[in-house]
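Let me begin by presenting the structure, written as structure tokens, before commenting on it.
The values are calculated or read from the model by the stated rules, or taken from the named source; none is laboratory data. Since the structure is predicted, the reported quantities are computational estimates derived from the model, not experimental observations. Cβ placement follows ideal geometry from the backbone for every residue including glycine, while neighbour counts extend to all protein chains displayed.
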Amino acid sequence: MAVVLWAIWYSRRKAIHEREFQSPLSTHSFVERFLADLGEEKPKEKGKKSVIRRTGNWLPPPDGMIKINVDAAISKNECKASVAAIARDASGCFLGASALISKGITDPEVMEAVACREGLSLALDLQITRLRLASDNSSVVKNIRDGSKRSLWSSDRGSQSPDDFL
């Protein structure tokens, strides 16, 4: 599973940063070759039941709540960024996703805040009333909890305010 996710991530990064698009077939072929090279492909023995163990980091929300994970990525080569949000219930079932591409913003904290806003917009679209929003940027989470937007904006932004982007 980790190899598949890594290959998808790599293909996505190539598309965003280098504008090199790979077909799903080439990504699948890469995964198959990589696993074969590692010797991970072992023939299944007859009569034995395989057990699938998940070792992911995803933590489910409390019962009755929906979890929305958000993240942002910024291009190294161009003045572009993207944000994404994905909603899952307590059992891990996919409920919906949203993505946004932005030009001109290269501040990681601003884009993480935009990702949080995208997650809230996804909740509105899916009519979710009880949710847990998860971000990997502790600074943005702290600022949202404190109700402070000061660290996201410096004096060089002129008359722009966070509400212009969020």
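Take the residues of the stretch 57-89 that are among the charged types (D, E, K, R) and loosely packed, with under 15 Cβ neighbours inside 10 Å: which is farthest from residue 134 (Cα to Cα)?
Result: 78.
Please find, within the stretch 1-26, the residue that is surrounded by the fewest Cβ atoms within 10 Å (Cβ to Cβ) out of those that are over 19 Å from the mean Cα position of the chain (by Cα) and among the polar types (S, T, N, Q).
23
Yes/no per residue for (1) acidic (Asp, Glu); (2) at pLDDT below 80:
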residue	(1), (2)
13	no, no
41	yes, yes
50	no, yes
65	no, no
70	no, no
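Are there any pairs with C-beta distances below 7 angstrom linking a residue in the stretch 120-143 that is farther than 17 Å from residue 92 by Cβ to a residue that is among the charged types (D, E, K, R) and assigned to a loop (DSSP other than H, G, I, E, B), with the two at least 6 apart or on different chains, and if so which?
143/149
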